[in-house]
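Visitor: Structure incoming, see below.
The values are calculated or read from the model by the stated rules, or taken from the named source; none is laboratory data. These numbers come from a predicted model, not from an experiment. Here the Cβ positions follow ideal geometry from the backbone for every residue, glycine too, while neighbour counts run over all protein chains shown.
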Amino acid sequence: MTDPARRRPAEPSQAGVTAEIAALGGSGGAQPRMDYPPYRSSLLRHPSKALQQADPEGVEWFAPMFGAQDVNPIEADLTIQHRGVPIGERLTVTGRVSDGDGRPVAHQLLEVWQANAAGRYIHQGDQHPAPLDPNFTGAGRCLTDSDGCYRFTTVKPGPYPWGNHRNAWRPAHIHFSLFGSAFPQRLVTQMYFPGDPLFPYDPILQAITGARDRERLIATYDHDLTIPQISTGYRWDVVLTGPRRTPTEQS
Amino acid sequence: MTGTPGQTVGPFFEYALAYPGGSELVPRSDPGAVRLFGRVLDGAGDPVPDALIEIWQPAPDGSVVQRAGSLHRDGWTFTGWGRCATDDAGQYGFTTLAPPSFWSIAVFARGLLDRLFTRAYLTSDDVPLSIPDDRRASLIVGREGAGYRFDIRLQGEDETVFFSFPGYRD
């Protein structure tokens, strides 16, 4: 696939991208800017016209439903999908999914995917010359419980280089895909680890231009989640704002 | 509370999010089966080969389906939800039933920093009046063979209309 960044005559430097990031700091809202030139792949892929405001209609007041036939409980443990144990820092990632009023998003699908401890995805397109781990695929699923809580066991993903600009590195992250109780709550995002030195250099995280808003994507280390001799633990809660009306209130 | 920010789905989602049967909400042999298909294009008109399209729709009679089984379809249960990654030509395609009015669609892609929502309407009559005249056509499917074509243009003069829903992470 052709990345617009690779068509450019001169490969931009980190210093140049960092300056672009600084120039756009604080320019957006609580969500990422869609039009964010430091992330080169966004140049031709963001809408150039204003989004049209609308109320949800009909089916949009609802979300697809998932159940026990969709997700096996062992899919929440990314460390037991193969014969051996994956290399890396084993950890628990847990948290609560709620709506904007704090109500739990219960019994709903949550999907995760990530690079392995060396920063390599199993996806064929990932040509980063770091080792694949035969004992790690890096994809998992679970359903939230009645309180909206989820829990995964995995290994800490490594940072990895990418082609946005010369010497671009993504901070370590886990991709999350979530559903709420209404379709417009649909969220795909990334969870980061506290204190990652790569944060200021990363145009994907920095597309959320406010520091406090970026913090919503950074997990918290929680020693109470550690399992002695086994794993460390991180907590990360997700808020899916809306709906303002419950489904029974609409026609 | 403020909604958690979105982030791009990135380039490496397919092995995790795509799954067998994801785009087949009904078997092709279903007497009501129709094809909803199209291409995802960028601002230069080039195909987007690393997009993910999700559809969410009611049954043909307008009823909203609230049944599990979308990830492991049993061949008999219509769940109303499907997922399809675009191929190398930027094409997606679903086998499904025709809704009474529109398919609700979520779009994800590398380079797209947050998801987009659009709707594929069967007729212009149902397109909200608030949509400007010169953009309404982008929300209406084209009849093509036994199916409905709905191309998604992320950027440009003929850009597809995308929706924001007040109260939802706006």
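Visitor: Across the range B:53-68, what is the number of residues that are buried (at least 19 other Cβ atoms within 10 Å of the Cβ) and facing chain A (nearest Cβ under 7 Å)?
Guide: If we filter the range B:53-68 for residues that are buried (at least 19 other Cβ atoms within 10 Å of the Cβ), which is where we start, we get B:53-58, B:65, B:68.
Now narrow it down to the ones that are facing chain A (nearest Cβ under 7 Å): B:56-58, B:68.
Qualifying residue count, the range B:53-68: 4.
Visitor: Every residue in the range B:127-158 that is among the aliphatic types (A, V, I, L, M), crowded, with 20+ Cβ neighbours inside 10 Å and within 9 Å of another protein chain (Cβ to nearest Cβ), please.
Guide: Across the range B:127-158, the qualifying residue is only B:L154.
Visitor: Looking at the range A:49-67, is at least one residue in a helix (DSSP H, G or I) and among the aromatic types (F, W, Y)? Show your work before the answer.
Guide: Looking only at the range A:49-67, we keep the residues that are in a helix (DSSP H, G or I), and these are A:58-61.
Still in the running and among the aromatic types (F, W, Y): A:61.
The answer is yes; a qualifying residue exists.
Visitor: May I ask you to list pairs of residues, at least six apart or on different chains, whose Cβ atoms are under 6 Å apart, with the first in the range B:91-119 being over 22 Å from B:P27 (Cα atoms) and the second being of a type in the set (S, T, N, Q) and part of a strand (DSSP E or B)?
Guide: Correct list of pairs: B:R119/B:S104.
Visitor: Could you please let me know if B:E24 is surrounded by fewer than 23 Cβ atoms within 10 Å (Cβ to Cβ), in contact with a strand residue (DSSP E or B) (Cβ under 6 Å, 6 or more places away or on another chain), more than 7 Å from chain A (Cβ to nearest Cβ) and among the acidic types (D, E)? Let's see the steps before the verdict.
Guide: On the way: surrounded by fewer than 23 Cβ atoms within 10 Å (Cβ to Cβ): yes; in contact with a strand residue (DSSP E or B) (Cβ under 6 Å, 6 or more places away or on another chain): yes; more than 7 Å from chain A (Cβ to nearest Cβ): yes; among the acidic types (D, E): yes.
Yes; evaluated as a whole, the condition is true for this residue.
Visitor: Please count how many residues of the range A:122-131 are within 12 Å of chain B (Cβ to nearest Cβ) and either more than 29 Å from A:A68 (Cβ to Cβ) or touching a strand residue (DSSP E or B) at 6+ places or on another chain (Cβ under 6 Å) (or both). Give the steps one after another, and end with the answer.
Guide: Our first condition is that a residue be within 12 Å of chain B (Cβ to nearest Cβ); within the range A:122-131, this holds for A:122-128.
So of that shortlist, the ones also either more than 29 Å from A:A68 (Cβ to Cβ) or touching a strand residue (DSSP E or B) at 6+ places or on another chain (Cβ under 6 Å) (or both) come out as A:124-128.
Of the residues in that region, 5 qualify.
Visitor: For the range B:29-41, indicate whether the set of residues that are surrounded by 20 or more Cβ atoms within 10 Å (Cβ to Cβ), closer than 29 Å to A:V238 by Cα and more than 8 Å from chain A (Cβ to nearest Cβ) is non-empty.
Guide: No, because not a single residue in the range B:29-41 is surrounded by 20 or more Cβ atoms within 10 Å (Cβ to Cβ), closer than 29 Å to A:V238 by Cα and more than 8 Å from chain A (Cβ to nearest Cβ).
Visitor: Next question. Hey, any hits in the range B:72-83 for a residue that's modelled with pLDDT of 95 or more and closer than 13 Å to B:A109 by Cβ?
Guide: no
Visitor: Pick out the one residue from A:S42, A:S98 that is under 19 Å from the mean Cα position of the chain (by Cα), more than 18 Å from A:M191 (Cα to Cα) and either crowded, with 18+ Cβ neighbours inside 10 Å or at the interface with another protein chain (Cβ under 7 Å from one of its Cβ atoms) (or both).
Guide: Numbers: A:S98 fails: more than 18 Å from A:M191 (Cα to Cα).
None of the other options fit; the residue is A:S42.
Visitor: Quick check on this structure: which one of A:V93, A:V71 is under 22 Å from the mean Cα position of the chain (by Cα) and assigned to a loop (DSSP other than H, G, I, E, B)? Steps first, please.
Guide: Numbers: A:V93 fails: assigned to a loop (DSSP other than H, G, I, E, B).
Of A:V93, A:V71, the one residue that is under 22 Å from the mean Cα position of the chain (by Cα) and assigned to a loop (DSSP other than H, G, I, E, B) is A:V71.
Visitor: Follow-up. Of B:L122, B:L154, B:L139, B:L97, which residue is touching a Ser or Thr at 6+ places or on another chain (Cβ under 9 Å), among the aliphatic types (A, V, I, L, M) and closer than 30 Å to A:R141 by Cα?
Guide: Working: B:L122 fails: closer than 30 Å to A:R141 by Cα; B:L139 fails: closer than 30 Å to A:R141 by Cα; B:L97 fails: touching a Ser or Thr at 6+ places or on another chain (Cβ under 9 Å).
Going through B:L122, B:L154, B:L139, B:L97 in turn, just one is touching a Ser or Thr at 6+ places or on another chain (Cβ under 9 Å), among the aliphatic types (A, V, I, L, M) and closer than 30 Å to A:R141 by Cα: B:L154.
Visitor: To continue, here is another question. Got a sec? Which of A:P194, A:P157 is more than 25 Å from A:R83 (Cα to Cα) and under 15 Å from the mean Cα position of the chain (by Cα)? Explain how you work it out, then say what you get.
Guide: Values: A:P157 fails: more than 25 Å from A:R83 (Cα to Cα).
Answer to the check: A:P194.
Visitor: In addition: Checking A:W162 against (1) surrounded by fewer than 23 Cβ atoms within 10 Å (Cβ to Cβ); (2) touching a helix residue (DSSP H, G or I) at 6+ places or on another chain (Cβ under 6 Å); (3) aromatic (F, W, Y): exactly one of these is not met. Which one?
Guide: Evaluating A:W162 over (1) surrounded by fewer than 23 Cβ atoms within 10 Å (Cβ to Cβ); (2) touching a helix residue (DSSP H, G or I) at 6+ places or on another chain (Cβ under 6 Å); (3) aromatic (F, W, Y) leaves (2) as the failure.
Visitor: Can you name the condition, by its number, that A:Q52 falls short on among (1) more than 7 Å from chain B (Cβ to nearest Cβ); (2) free of Cβ contacts under 8 Å to residues at least 60 places away in the same chain?
Guide: Among (1) more than 7 Å from chain B (Cβ to nearest Cβ); (2) free of Cβ contacts under 8 Å to residues at least 60 places away in the same chain, the lone unmet condition for A:Q52 is (1).
Visitor: Okay, moving on. Taking A:G28, is it within 14 Å of chain B (Cβ to nearest Cβ), within 28 Å of A:W236 (Cβ to Cβ) and touching a helix residue (DSSP H, G or I) at 6+ places or on another chain (Cβ under 9 Å)? Show your work before the answer.
Guide: On the way: within 14 Å of chain B (Cβ to nearest Cβ): yes; within 28 Å of A:W236 (Cβ to Cβ): yes; touching a helix residue (DSSP H, G or I) at 6+ places or on another chain (Cβ under 9 Å): yes.
Spelling it out, A:G28 is indeed within 14 Å of chain B (Cβ to nearest Cβ), within 28 Å of A:W236 (Cβ to Cβ) and touching a helix residue (DSSP H, G or I) at 6+ places or on another chain (Cβ under 9 Å).
Visitor: Scan the range A:56-72 for residues that are acidic (D, E) and either at the interface with another protein chain (Cβ under 7 Å from one of its Cβ atoms) or in contact (Cβ under 8 Å) with a residue 60 or more places away in the chain (or both) and jot them down.
Guide: Going through the range A:56-72, the residues acidic (D, E) turn out to be A:57, A:60, A:70.
Correct list: A:E60, A:D70.
Visitor: For the range A:169-207, which positions are touching a Lys or Arg at 6+ places or on another chain (Cβ under 8 Å), within 11 Å of chain B (Cβ to nearest Cβ) and small (G, A, S)?
Guide: A:G180, A:A207
Visitor: What do you reckon, is A:G138 buried (at least 22 other Cβ atoms within 10 Å of the Cβ), more than 21 Å from A:L198 (Cα to Cα) and in contact with an Asp or Glu (Cβ under 7 Å, 6 or more places away or on another chain)? Break it down into steps so the answer makes sense when it comes.
Guide: Working: buried (at least 22 other Cβ atoms within 10 Å of the Cβ): yes; more than 21 Å from A:L198 (Cα to Cα): yes; in contact with an Asp or Glu (Cβ under 7 Å, 6 or more places away or on another chain): no.
No: the conditions fail for A:G138.
Visitor: So, one more: Those residues that are of a type outside the set (A, V, I, L, M) and in contact (Cβ under 8 Å) with a residue 40 or more places away in the chain, I need them from the range A:104-128; list them, please.
Guide: A:P104, A:H107, A:Q108, A:E111, A:W113, A:Q114, A:N116, A:G119, A:R120, A:G125
Visitor: Return the total of residues in the range B:44-53 being over 14 Å from the mean Cα position of the chain (by Cα) and within 16 Å of B:T8 (Cβ to Cβ). Spell out how you get there, then give the answer.
Guide: Going through the range B:44-53, the residues over 14 Å from the mean Cα position of the chain (by Cα) turn out to be B:44-50.
Still in the running and within 16 Å of B:T8 (Cβ to Cβ): B:48-50.
Residues meeting the conditions: 3.
Yes/no per residue for (1) charged (D, E, K, R); (2) within 20 Å of B:P58 (Cα to Cα); (3) at pLDDT below 95:
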position	(1), (2), (3)
B:P100	no, yes, no
B:A109	no, no, no
B:L122	no, yes, no
B:D126	yes, yes, no
B:R135	yes, no, no
